[in-house]
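*Asks:* My questions will all concern the structure given below.
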Amino acid sequence: MNTRIFENRRVWQLTQAEFLTAACLIAAQEAEYAPAAVLGIARGGVPLAEVVAEQLGVSAVVVRARHNAPVGIQQAATGRVLLDRRHNEDALTALPDASSLLVVDDICGSGATLHAIAEMLTATVGPSGVRTAVLCRNEGSDYPLDSWGWDVADWVHFPWEPAPESGRLEALAPLTRLRTQPQAPRTRA
């Protein structure tokens, strides 16, 4: 597991308007890959999944995984991801076999959560491809994302979260394009 970077200079703030801009950019980019569904990792990935799925005209499916058990600023990443197997099995039953899927989350800190979800999907659904998109990527992550909005080196406050108790809030720069890594969709082994 790689190490997340925190400069401890600020708490980045993602506004609702910038969130919607990023979600629409992700939907526009992912349309060419025709995902059968958009899977949002609860909690932070759910708002993104709902907007992207609506834009693409497909279902939003909520999967549950926890990497940071305590909620709060700058919690250490443990590398251990807890999957809610019962919920996830129920949520995934409606997905068509051998289809392309898009997994979204609010942030990729170390990549451990996205990795655990991708392994779970491969083992249970057998998708023809899994693509990943997040709003923010911590600069310490080397997880192979397909697209993301911002590179960050500090904690991020998202519009659906309660205001942080400490830290100087600083708005993320307006987003005009996504960051990407050119690659073919990952397929199951």
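*Asks:* Does P162 meet the test of being out of contact with any strand residue (DSSP E or B) (no Cβ under 6 Å at 6 or more places or on another chain) and either open to solvent by 20 Å² or more (accessible area, probe 1.4 Å) or part of a loop (DSSP other than H, G, I, E, B) (or both)?
*Replies:* Yes; evaluated as a whole, the condition is true for this residue.
*Asks:* Another question about this same structure. For D90, work out the one condition from (1) open to solvent by 20 Å² or more (accessible area, probe 1.4 Å); (2) in contact with a strand residue (DSSP E or B) (Cβ under 8 Å, 6 or more places away or on another chain); (3) of a type outside the set (K, R); (4) farther than 20 Å from Y33 by Cβ it doesn't fulfil.
*Replies:* The number of the failed condition is (2).
*Asks:* Any residue in the range 137-152 that is modelled with pLDDT under 95 sitting within a Cβ distance under 6 Å of a residue that is hydroxyl-bearing (S, T, Y) and surrounded by fewer than 20 Cβ atoms within 10 Å (Cβ to Cβ)? List the pairs, counting only those 6 or more apart or interchain.
*Replies:* These pairs meet every condition: G140/T3.
*Asks:* Residues being part of a loop (DSSP other than H, G, I, E, B), of a type in the set (A, V, I, L, M, F, W, C) and either closer than 18 Å to I5 by Cα or in contact with a strand residue (DSSP E or B) (Cβ under 6 Å, 6 or more places away or on another chain) (or both): count how many of those fall in the range 98-147. Spell out the reasoning first.
*Replies:* Of the range 98-147, the ones part of a loop (DSSP other than H, G, I, E, B) are 98-99, 109-111, 125-128, 139-146.
Checking which are of a type in the set (A, V, I, L, M, F, W, C) leaves us with 98, 125, 145.
From what's left, either closer than 18 Å to I5 by Cα or in contact with a strand residue (DSSP E or B) (Cβ under 6 Å, 6 or more places away or on another chain) (or both): 145.
Total satisfying the criteria: 1.
*Asks:* Something else now. Limited to the range 165-180, what total is found for residues that are in a loop (DSSP other than H, G, I, E, B), within 20 Å of T21 (Cα to Cα) and open to solvent by less than 70 Å² (accessible area, probe 1.4 Å)? Walk me through it before giving the result.
*Replies:* Within the range 165-180, the first condition is being in a loop (DSSP other than H, G, I, E, B), and the residues that meet it are 165-168, 172-178.
From what is left, the residues that are within 20 Å of T21 (Cα to Cα) are 172-178.
Narrowing further to those that are open to solvent by less than 70 Å² (accessible area, probe 1.4 Å): 172-173, 175, 178.
Number satisfying all stated conditions: 4.
*Asks:* Quick check: anything in the range 105-118 of a type in the set (V, I, T), open to solvent by 10 Å² or more (accessible area, probe 1.4 Å), out of contact with any Ser or Thr (no Cβ under 8 Å at 6 or more places or on another chain) and under 23 Å from A28 (Cα atoms)? Give the derivation first.
*Replies:* Step one: filter the range 105-118 for residues of a type in the set (V, I, T), giving 107, 113, 117.
Those still in the list that are open to solvent by 10 Å² or more (accessible area, probe 1.4 Å) too: 107, 113.
Imposing the further condition that a residue be out of contact with any Ser or Thr (no Cβ under 8 Å at 6 or more places or on another chain) reduces the set to 107, 113.
Next, from what is left, pick out any that are under 23 Å from A28 (Cα atoms): 107.
Within the range 105-118, one or more residues are of a type in the set (V, I, T), open to solvent by 10 Å² or more (accessible area, probe 1.4 Å), out of contact with any Ser or Thr (no Cβ under 8 Å at 6 or more places or on another chain) and under 23 Å from A28 (Cα atoms).
The values are calculated or read from the model by the stated rules, or taken from the named source; none is laboratory data. None of the values given here were measured: they were computed from a predicted structure. FYI the Cβ positions are ideal-geometry reconstructions off the backbone, even for glycines, and counts take in every protein chain you see. Side chains included, ligands, DNA and RNA excluded: accessible areas come from the protein's heavy atoms. Shrake-Rupley method; radii C 1.70, N 1.55, O 1.52, S 1.80 Å.
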